[in-house]
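In what follows, a single structure is set out as structure tokens and then discussed.
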Amino acid sequence: MSTTLLYLDHSAPIDDRVRDLVSRLTLKEKLDQVTVRCKAIPRLGIPAYLAFGEGLHGVAHYGIATVFPQAIGLSAMFDTRLMNEVASAVSDEARAKFNVLSKVFGHGSIGLSLWAPNINIVRDPRWGRGQETYGEDPVLTSKNAVAYVKGLQGSHPRYLKTAAGAKHYAVHSGPEALRHRFNAIVSAKDLHETYLPAFKACVDTGVEVIMAAYNRTNNEVCAASPTLLKNILRDEWQFDGHVTSDGGAIVDIHRYHKATNNAFESTAFAIRNGCNIEAGGTVFENMGEAIRRGLLSETDVDEAIFYTLRTRFRLGLFDPARAVPFTSISPSVINSPLHRKLSYRSAVKSMVLLKNTGGILPLTKDMRRILVAGPTAADHDAMLGNYYGVNNRIPTILEAIVDRAGIERIVTYRKGVVAHSGNNTKMEFVTRMAGTHDVTIAVMGFTPLIEGEEYDPLLSKTYGDRLDLGFPAHQIDFIKKLSSYKKPVVLVVTSGSAVIAPEIYKMVDAVVYAWYPGQEGGNALADLLFGNAVPSGRLPVSIPQSIDDLPPFEDYAMKNRTYRYMSKEPQFPFGFGLSYTTFAYSRLSLSATAIKAGENITAQVTIKNSGKVAAEEVVQLYITDLKASVDVPQYALKDFGRVKLKAGQSSVVSFVITPGMLELVDNEGMRRLEPGDFKITISAASPSPRSTALGAPKPVSAIVKVRA
């Protein structure tokens, strides 16, 4: 007869093992497990554990790691397969680091709970943390999030490679200055149509962690919201992972939200309403006193630590190494040639060509004198974004351009202006050089020193948000002077969000959005500029014509926000991006033009590469409900895919349209399918006239009628 304690029996069901372990803990030992720095329990052989880590676009904080493009750039790939590969590489490196560093620094020094992905919707481009997200569309965000969660957690039937943490739940997207006290008021329709779908998609795919946001939503503190954490997350969605607060969010409950009077009450309030573990703060250390005061019971504590301990069991942390396949992941995967190549591939696909007058790009061989100028051309910060790892080889954009140019061209570099403040000297010496060169590559925009999360951007006066969405005035003057010499100017934008600059975009010859492109971003951009690679990225956010086209930043209603509801024509539309070739869409056919509610249909379209260069096209499916009883999006992305075509080659692309794609969300927040006519559009960008005017292929459309 086996004498192995049940919680140590790795053949037993995990839930039974967790309950057995909880039953053996003293109250003091239980209270040691309610913050992210979980203490060891020596008498039971339980090691310490750090229930915290960052894996937004690479492993952060723990030394050398592969740095992939910032999340907004990964989303611009419109490629969930590659997104999954990136996440799998990140989790491999996280496991490898855990395997090594926990031996060097001890257990509790590094964790496998990665607080990624950030799936908040960019309802407003002023939000500095928009760079961490997948953009403004709930379907694009959901599909990217599912791919990333699966990549982080792996596909083993019993064990998690890492525990993915979807954040920030919910209705959280600035302003950063107000996030600890803000009350996001949102309609039931907007909540369930825009803000929650990506979280629901993550729960459905088995995400292990949900991070509650700092703010209130509809008067309830997110980290202690019975509506969000109990009614929706646990009861309706049947989430069975654990809920963590955001860092310090429990303190906010009494300090800023004034929902409780003190730390004891905040502790009890959060635990009772479904927050299982505290991140960053020390309020949950008051749990023992909260129990003594009758605000909590030990049973409440048992329920909280059940969920957090189960995550550690699912990670295999209580099992022998031989039973957990991920314990054998070697540190050789960290920054491996394979992962560097993956960073490069994702950077190439992330970059978006928005303008290319006269086919100035790719640069031809007769452009022998190249001026590289601008504040971020030689800036490593502009490669990294926020929540980044470090790397020993991060070629800047300048370095990569020099490398690709070779010895038969002359590359001259002058910064000209700094990124975030005006010059103390005149810039004319540099700008005059544009007149003596064949082309100027102006690398302009921002770095994470000016946009990001509340405390991080060292030069921001607005807590990381960009309340003025244009280029700084001194950068605008610089671009104007560079363009005044009637020589071609290629504008490369480094940014984590939309930059509004209609005058500048009109003035320059080409525009490339590079985002914060990761360690291989310089190489990727240089290859695109010189024609060694072909651009195929698409905008995951709209770029408005004017900040006046946006509602107030604090307004969380979706009216006039994002491509789905905006009434003003954007400068560059959601989903838009050019190539070095052209594509044509034709022969849209539906498997049926009239269906009963609940039936699927298939849409097929022929895509032809009508140009002279082999390339990938991002094909997008949009649906418009033409006879809805409530306000619905003017068009809404439902699916997308990539097709690679040689010059002159055609291919048939198919999409299955499910009943769920035809549903609307009513004013009570309920999803339902109404009979009526639906417009099916397949296109290369959101199907506004603006997309076609900018050079996107003409979309194709058809009508399907849904009968009751």
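Worth a mention:
- Amide H contacts for Gly316 (H built 1.01 Å from N in the peptide plane; partners 5 or more residues away or on another chain; cut-off under 5 Å): Leu160.
- Between helix 14-24 and the chain: long-axis angle, C-alpha atoms, 0 to 90°, nearest 10: 50
- Relative contact order [Cα under 8 Å, 6+ residues apart], region 265-322, whole percent: 37
- Accessible surface, the chain, averaged per residue in Å² (probe 1.4 Å): 36
- Couplings 3J(HN,Hα) of region 315-325, computed from phi: 7, x, 7, 10, 10, x, 4, 5, 8, 10, x Hz, in residue order, whole Hz [Karplus 6.51 cos²θ - 1.76 cosθ + 1.60, θ = phi - 60°; x for Gly and Pro].
- Antiparallel bridges, percent of DSSP beta bridges restricted to the chain (to nearest 5): 55
- Between helix 80-105 and the chain: long-axis angle, C-alpha atoms, 0 to 90°, nearest 10: 50
- With Cα atoms, 0 to 90° folded angle of helix 337-350 axis to the chain main axis: 60
- Cα centroid of region 554-613 to Cα centroid of region 68-123, whole Å: 30
- Among the listed values [x] -0.80, -1.33; [y] -0.81, -1.60; [z] -0.96, -1.15, the one computed from these coordinates for log10 I(q)/I(0) by the Debye sum over Cα atoms at q = 0.09, 0.12 Å⁻¹ is [x].
- Sequence-distant residues sharing a close amide H with Gln571 (under 5 Å, placed H): Ile543, Gln545
- You can think of it this way: the chain between His61 and Ala378 has 111.8 nm of extra reach, that is 0.36 nm per residue less the Cα-Cα gap.
- Per-residue HN-Hα couplings for region 681-698 [Karplus 6.51, -1.76, 1.60; θ = phi - 60°; Hz; x = Gly/Pro]: 10, 10, 8, 9, 6, 4, x, 9, x, 4, 4, 5, 4, 8, x, 6, x, 5
- Net dipole in debye of the chain [+1 Lys, Arg Cβ; -1 Asp, Glu Cβ; about Cα centre; nearest 20]: 1700
- Couplings for region 649-660, taken from phi via the Karplus curve 6.51 cos²θ - 1.76 cosθ + 1.60 with θ = phi - 60°, read 7, 10, 8, 9, 10, 10, 10, 8, 9, 8, x, x Hz in order; Gly and Pro are left as x.
- The modelled label-to-label distance for the pair Lys627/Ala594, using points 7 Å beyond Cα in the direction of Cβ, is 1.1 nm.
- Inter-probe distance in nm under a simple model that places probes 7 Å from Cα toward Cβ, at Arg24 and Asp9: 1.2
- The packing ranking of peptides 608-620, 490-502, 545-557, highest mean first, is 490-502, 608-620, 545-557, where packing means the average number of other beta carbon atoms within 10 angstrom of each residue.
- The share of accessible area on the chain that comes from carbon and sulfur is 52 percent, using a 1.4 angstrom probe.
The values are calculated or read from the model by the stated rules, or taken from the named source; none is laboratory data. In this text, all values refer to a predicted model and were calculated from it rather than measured experimentally. Neighbour counts run over all protein chains shown; Cβ positions are idealised from the backbone, glycine included. The protein model used for the area step is the full one, side chains on, heavy atoms only, and it has no ligands, DNA or RNA in it. Shrake-Rupley method; radii C 1.70, N 1.55, O 1.52, S 1.80 Å.
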